[in-house]
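Participant: Sharing a structure, written as structure tokens. Questions coming.
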2 protein chains.
Amino acid sequence: MSTITISAQAVANLREQTGAGLLDCKKALTEANGNHEEAITILRKKGAASAAKKAERATKDGIIESYIHVGSRVGVMIEVNCETDFVARNEAFRIFVKDLCLQIAAASPLYVSRAEVPEAELAKEREIAAAQVQGKPPAAVQKIVEGKLEKYYSMACLLDQPFVKVPEKTVKEILTEQITKIGENIQVRRFVRYQLGS
Amino acid sequence: MSTITISAQAVANLREQTGAGLLDCKKALTEANGNHEEAITILRKKGAASAAKKAERATKDGIIESYIHVGSRVGVMIEVNCETDFVARNEAFRIFVKDLCLQIAAASPLYVSRAEVPEAELAKEREIAAAQVQGKPPAAVQKIVEGKLEKYYSMACLLDQPFVKVPEKTVKEILTEQITKIGENIQVRRFVRYQLGS
């Protein structure tokens, strides 16, 4: 196995793009034989794994943030938790929380995650979906109903919604990226959205 | 009955202090024989009566406002309704709503008004109060328990709380003054207070 020389500039570029640590970038570039795109993929895989591990850690700090839309007829307040006061004061964290407020203002989710959807609500959605596909073979019905439930989650649950600023990703995916980038577990604890008179 | 001459300056002073209309101030001063303090009392009585009448009118407009305390560990969001878009954009109305946010941040009410306190909560408070005054004559007990309930309302209900900026008045009294001054019914529809991690 030949040794590849990884330039400092290549490492710096990778760090800037991914937010990963110096050593991780160097390792990834070596593993990828200096290929920038492949190194990103390697980092992403590692990052996602480490984000999943971080997602189990306790979040006792965080911030409360709010957003009032121009005209004062829509307002959002959110609590997002992280692990330390240090991250709570971090600029990137604060921008992310502001983005979540805008997301909630624009896309009106009802719950943070699937786990919060009341059983009765789910049963109702399942019933509506089943009624719409009556007469089809049971196996197909099951699949269609599950598909419709997924659709419901992607409308009603903040984490399942397409992220308004980057619609090809879900809020959950953006959250995982932030956990990787910021290096602490982050959790949306609760939010509330007021619309004048409704 | 002799005719009293009311100076324009006296009317202007009264207007500035009470926010009442020109004609009302002139009438009140005439009725009070030019006595400034008495004129205020007359205006207050009329104002309170007219505020009570206004308090029955429909509030379909208003604003959503929020307040995040320095450090982002306490946040408040509120919806306050008024009758027209005109008042919703009014500076005095907006300042009043901001003051309500500060009130909620500082004094942590649980409900807007007494009507919102759940019956179970009231029963519990009544029970605690009754246990504290055991052994006294029933008539006295009744009175003490009612007194303790009043105390509870003045802690738990926004409208019954002493107004933080003017503690000798309740929020309800300040609200009534605003209804008189602004000339439209105003209602606190709902609020929410987040405290980090609790």
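The values are calculated or read from the model by the stated rules, or taken from the named source; none is laboratory data. Here the structure is a predicted model, which means the values were calculated and not measured. Note that each Cβ is placed from the backbone with ideal geometry, even for glycine, and that neighbours are counted across all protein chains shown.
Participant: What's the total number of residues in region B:25-53 that are surrounded by 19 or more Cβ atoms within 10 Å (Cβ to Cβ) and either of a type outside the set (V, I, T) or within 28 Å of A:I64 (Cβ to Cβ) (or both)?
Facilitator: 8
Participant: Still on this structure: Name the single residue, out of those in region A:5-34 being outside any helix (DSSP H, G or I) and touching a Leu at 6+ places or on another chain (Cβ under 8 Å), that is modelled with the lowest pLDDT.
Facilitator: A:A20
Participant: Taking interchain pairs and intrachain pairs at least six residues apart, which have beta carbon atoms under 7 angstrom, with the first residue in region A:29-56 and at positive phi and the second part of a loop (DSSP other than H, G, I, E, B)?
Facilitator: A:N33/A:I4; A:G34/A:I4; A:G34/A:I6
Participant: Among B:I179, B:I104, which is the only one that is aliphatic (A, V, I, L, M), at pLDDT 95 or above and within 26 Å of B:E79 (Cα to Cα)?
Facilitator: Details: B:I179 fails: at pLDDT 95 or above.
Every option except B:I104 fails the conditions.
Participant: Among the residues of region A:132-188, write down those that are part of a loop (DSSP other than H, G, I, E, B) and free of Cβ contacts under 8 Å to residues at least 60 places away in the same chain.
Facilitator: A:V133, A:Q134, A:G135, A:K136, A:P137, A:Q161
Participant: Here's a check for you: in region B:57-83, which residue that is of a type in the set (D, E, K, R) and free of Cβ contacts under 8 Å to residues at least 60 places away in the same chain is surrounded by the fewest Cβ atoms within 10 Å (Cβ to Cβ)?
Facilitator: B:K60
Participant: List the helices (runs of 4 or more DSSP H) that sit entirely inside region B:35-127 and contain at least 3 residues that are within 11 Å of another protein chain (Cβ to nearest Cβ).
Facilitator: Because the criterion is at least 3 residues that are within 11 Å of another protein chain (Cβ to nearest Cβ), the helices (runs of 4 or more DSSP H) in region B:35-127 that meet it are B:91-107.
Participant: While we're looking at this one, here's another question. Is at least one residue of region B:150-171 more than 30 Å from B:S50 (Cβ to Cβ), away from every other protein chain (no Cβ under 14 Å) and not hydroxyl-bearing (S, T, Y)?
Facilitator: Yes - at least one qualifying residue is present in region B:150-171.
Participant: For the condition touching a strand residue (DSSP E or B) at 6+ places or on another chain (Cβ under 7 Å) and farther than 30 Å from A:E31 by Cα, what is the one hit in A:Q103, A:Q132? So that I can check it myself, show each step before the final result.
Facilitator: Values: A:Q132 fails: touching a strand residue (DSSP E or B) at 6+ places or on another chain (Cβ under 7 Å).
Being touching a strand residue (DSSP E or B) at 6+ places or on another chain (Cβ under 7 Å) and farther than 30 Å from A:E31 by Cα holds for just one of A:Q103, A:Q132, which is A:Q103.
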